[in-house]
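The structure appears right after this line, and notes come after that.
A short reminder: the numbers here are calculations on the coordinates, not readings from a lab. Note that the structure is predicted; figures quoted are calculated from it, not measured. With ideal geometry, Cβ positions are generated from the backbone for all residues, glycine too; neighbour counts draw on all protein chains shown.
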Amino acid sequence: MQDKGHRIVSEIKKLATREVYGKTLVELGKDNPNIVVLDADLSASTKTALFAKAYPDRFFDMGVAEQDMIGTAAGLAACGKTVFASTFAVFGSGRAWDQVRVSVAYTRLNVKIVVTHGGITTGEDGASHQANEDIAIMRAIPNMTVIVPADGVQTEAIIREAAKFYGPMYIRLSRPKTPVHYDKEKDKFKIGKGVVAKDGKDVTIFACGLMVAKALDAAKILAKEKVSCRVVDIHTIKPIDKELIVKCAKETGAAVTAEEHSIVGGLGGAVAEVLVENQPIPMVRVGIKDMFGESGQPDELLVKYGLTTEEIVIAVKAVFKRKK
Amino acid sequence: MISNNKIEELEAVARKLRIHIIQMTCAAASGHPGGSLSAADLVAVLYFHKMKHKPNDPGWEDRDRFVMSKGHAAPVVYAALAEAGYFPVKYLTTLRRIGSSLQGHVDMLALPGIEMSTGSLGQGLSAANGMALASKMDKKSYRVYCITGDGECQEGQIWEAAMTSSYHKLDNLTVFVDHNKYQIDGKIEEVKSLAPFADKWKAFGFNVISCNGHDIKSIIEAMDKAEKVKGKPSVVIADTIKGKGVSFMEAKPLDFHGKAATPEEEKQALSELCKIKDIEL
């Protein structure tokens, strides 16, 4: 983060949300003996290995078997356990979609599917490992709550909330370290409630995940060009904060969405659904344009696939023009 | 040793379950009679002899858990729950009707007594494993029973789950395969053979027991044997007949996988299933 003036707590502090997840799980496990954690041979990457080390009796490595992991999670939850099941986003959403649908969501069981390596910043592993469709396919399932935390501070808060919340959840974390822009002491988060990270009056940028930081940067750049942007962090994509989205639409009259996900069916789709039915306004979606990714470094990929501050700036200008 | 009286009593229960299966699928004019009838004796022994459960307290913590992984055999489970007293028998004819708790495939949120929702084949065994793990973690004594179909064993998840059962030494789990030898598209050995079936389970670390799935004594003996084995899960491969108890269904099992009898056929089926001693039905 190179800009000052919005809610930047530290310019240099970066945290991997998956790292925060692993540590938070260990803390939660201390007070809550009911928490059981499953992983599918990726515990070193998803950081559930930290929990495994602390509480070996409450951790099960299910091997390379995501479908079985989700089903086992359902059985444990049916017997009263609070289950966190982790793997990469592509596998937790795609490989085990039917198991998530029937064994976890249809049954409304208390299983938290916390996935890491969401989006294109999974990087060098390439397209097969980059989940750019997971938000769309998870939010289509009834009873699911879908959350994409914006940074490490929010991740910790959301994981703590998730442990208290009854019901199926899909929480998507990232592989790389990302800037921390929330303050652990001051900022509070509620599942289902968006956060106005910066106020503004001309255009609202609805963002999630690592795109929240880029949206804040874009707002700073646009302010110099006399475009006042409101930045809203929609960490909970389902159930979406309809009230806040409609309010922002009424007050700013134009919207941009920014997500590290396909423009099909993710945050952009969810916001568009709310706007079209309640308060139609000009809107542009920033995201991956319905295509597969490729191998590369996360930062290179973000640029190549249009997930940048500059793209958000261009989108805001375009939508601002349409507003007039 | 099981007494002859008990065996006769369970045979009568199984017959009642079969009558309900026919009546409820006919009332619904849809459903899966074939694979429900083949599992009727297994389910009768589980609910009326083997399992610890309290129909007036379905959430009792220490109850044994039963997962019907082949969720389309819902009618036989509903029949057993009704006969056991979970809900009135007359409610059975609401099967598959809009608003009914008796969904086409078992739904745990709709009906107390159902431990896991199933319907997409292959998923129940994983859930049963989770329950068996929870039983051990909580130092409980409840057992977990899971009925799978034989056709269902073509699903990869069954074998993922089988590895979990044996790796975690789930000796509090008994799996039954309702081995009726048919799947929707034909004979299993002609669609995609499971052979060598028992060897597969053995290779996956199971204690494998065979039984005659329509002989109460044979079923009970198999279940008792399974319980005595420590350190590994057991699978009971129950030799069954699809459509068991109804001559024309046994003769043409493929016609009655997912289709109810016509009103004419229903009369014939019921006359075959009803014995004088069941006249109160």
For the stretch B:1-126, the dipole about the Cα centre with charges only on Cβ (Lys and Arg +1, Asp and Glu -1), to the nearest 20 debye, works out at 280 debye
Is the stretch A:178-282 rounded, prolate or oblate when judged by the Cα gyration tensor, a ≥ b ≥ c being the square roots of its eigenvalues, rounded requiring a/c under 1.5 and prolate requiring a/b larger than b/c? rounded
Give me the aspartates and glutamates in straight-line cross-link reach of B:Lys244: C-alpha distance below 17 Å, same-chain residues under 8 apart excluded. B:Glu11, B:Asp41, B:Asp150, B:Asp178, B:Asp215, B:Asp255, B:Glu265, B:Glu266, B:Glu272
Considering only B:Ala161, B:Gly186, B:His32, whose Cα is most displaced toward the positive end of the charge dipole of chain B, charges sitting on Cβ of Lys, Arg (+1) and Asp, Glu (-1)? B:Ala161
By average Cβ neighbour count within 10 Å, what is the ranking of A:23-35, A:91-103, B:188-200 from highest down? A:91-103, A:23-35, B:188-200
Nearby aspartates and glutamates by direct alpha-carbon distance to A:Lys317 (threshold 12 angstrom, same-chain neighbours under 8 apart not counted): A:Asp202, A:Glu225
What translational diffusion coefficient, in µm²/s and rounded to a whole number, does the Stokes-Einstein relation yield for chain B at 37 °C and a viscosity of 0.692 mPa s, taking the hydrodynamic radius as the Kirkwood radius over Cα pairs? 177 µm²/s
Placing each pseudo-label 7 Å from Cα in the direction of the beta carbon, B:Ala110 and A:Ile191 end up separated by a distance in nanometres of 2.6 nm
Checking rank on A:65-76, B:22-33, with mean other Cβ inside 10 Å and highest first, the result is A:65-76, B:22-33
If you average the C-alpha positions of the stretch A:89-151 and of the stretch B:68-99 separately, how far apart do those two centres end up, in angstrom? 34 Å
Once Rh for chain A is found with the Kirkwood sum over Cα pairs, what is the Stokes-Einstein diffusion coefficient at 10 °C and 1.306 mPa s, in µm²/s? 82 µm²/s
Cα-centred dipole magnitude for the stretch A:203-324, charges only on beta-carbon of K, R (+1) and D, E (-1), debye, nearest 20: 700 debye
Mind checking the full-extension length gain between A:Glu300 and A:Glu124? Use 0.36 nm per residue of separation minus the Cα-Cα distance, one decimal, nm. 62.3 nm
For the charge dipole of the protein assembly as shown, defined by +1 on Lys and Arg C-beta atoms and -1 on Asp and Glu C-beta atoms about the Cα centroid, which residue among A:Cys208, A:Gly63, B:Ala127 has the Cα displaced farthest towards the positive pole? A:Cys208
Looking at the square roots a ≥ b ≥ c of the eigenvalues of the Cα gyration tensor of the stretch B:55-101, which shape do they give, rounded for a/c under 1.5, prolate if a/b is larger than b/c, or oblate? oblate
How large is the Kirkwood hydrodynamic radius of the protein assembly as shown, counting all unique pairs of alpha carbons, in Å? 25.9 Å
Need one number: % antiparallel among DSSP beta bridges in the protein assembly as shown, to the nearest 5. 15 percent
Quick check on the stretch B:103-166: take the gyration tensor over C-alpha atoms, sort the square-rooted eigenvalues as a ≥ b ≥ c, and tell me if it's rounded (a/c under 1.5), prolate or oblate. oblate
Residue by residue through A:104-117, how many Cβ atoms from other chains fall within 10 Å of the Cβ on average? 2
Check: the stretch B:184-281 dipole with +1 on Lys, Arg Cβ and -1 on Asp, Glu Cβ, in debye: 540 debye
Taking one equal scatterer on every alpha-carbon of the stretch A:239-308, how large is log10 of I(q)/I(0) by Debye at q = 0.17, 0.22, 0.26 1/Å? -0.63, -0.88, -1.08
Where does chain A land at 222 nm, in deg cm²/dmol rounded to the nearest 500, when only DSSP H runs of n ≥ 4 count, each adding -39500 (n - 2.57), divided by all residues? -10500 deg cm²/dmol
At 222 nm, what value in deg cm²/dmol follows for chain B if DSSP H runs of at least 4 each add -39500 (n - 2.57) and the sum is divided by all its residues, to the nearest 500? -12000 deg cm²/dmol
Summarise the partner chain shielding of B:222-228 as one whole number: the mean count of Cβ atoms from other chains within 10 Å of each residue's Cβ. 0
Let me confirm the definition first: pairs of Lys residues in the stretch B:8-149, 8 or more apart or on different chains, C-alpha distance under 18 Å. How many are there? 7
